[in-house]
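The values are calculated or read from the model by the stated rules, or taken from the named source; none is laboratory data. Just so you know, these numbers come straight off a predicted model, no measurement behind them. Counting neighbours? That spans all protein chains shown, and the Cβs are built from the backbone with ideal geometry, glycine included.
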Amino acid sequence: MVMLLLGLVLFLGVHSTRIAADGWRSAMVGRFGEMPWKAVYALLSIAGFVLIVWGFGLARQQPVQLWMPPRGMRHLASLLTLIAFVLLAATYVPRNAIKARLHHPMVLAVKVWALAHLLANGNLAHMVLFGSFLVWAALSFRAARARDRVAGTVYAPGTTAGTVTALLVGVAGWAVFAFWAHGALIGVRPIG
């Protein structure tokens, strides 16, 4: 569990600079330049991610069961992850109504993904991992919306083509992950 916690502190800590220390972050980017900042940010993020994967793998070998989720929670988790994939797709597909309305669909995707996994899993490692991401996503979304208000950010209106594309890409991505990639990469087949 120690490796998982270290990974979460490193990964989410790096990703929290805009939440907790946006002024410091801006000063560091101004002092060292955007590319060096991004390089250090990426290296620390990768190190944190590796520790999370390693620590979670170790924690799964000796699970501490806190509660047993009802079987129906797996169905709800599947539906929520479908929504998360659509939100993730909306982050990258230009001019879609989802991004126009929600403004920060990636952070919302993380929030929905984490909630889905909390509902479907009842052991300590899952609670630590997905609970941490859920709290981070909630704080990050709030901070991003506050930055938007201060900056007066206006998001481009969505188009039907952009919205339909985001939906199709999200559903396709979810299907690939739910039916194949989750089992191949994580070792757990949520569907099938």
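Points to keep in mind about this one:
- Some residue of the range 147-156 being touching a Lys or Arg at 6+ places or on another chain (Cβ under 6 Å), under 26 Å from H103 (Cβ atoms) and not in a helix (DSSP H, G or I): yes
- One residue alone among L79, L10, L6, L44 is assigned by TED's automatic domain parsing to the domain that holds G122, at pLDDT 95 or above and among the aliphatic types (A, V, I, L, M), and that residue is L79.
- Restricting attention to the range 169-192 and to residues that are touching a residue at least 12 places away in the same chain (Cβ under 8 Å) and assigned to a helix (DSSP H, G or I), the residue that is nearest to L108 (Cα to Cα) turns out to be G170.
- Residue satisfying condition, being within 24 Å of I186 (Cα to Cα), at pLDDT below 95 and of a type outside the set (S, T, N, Q), within set G131, G122: G122
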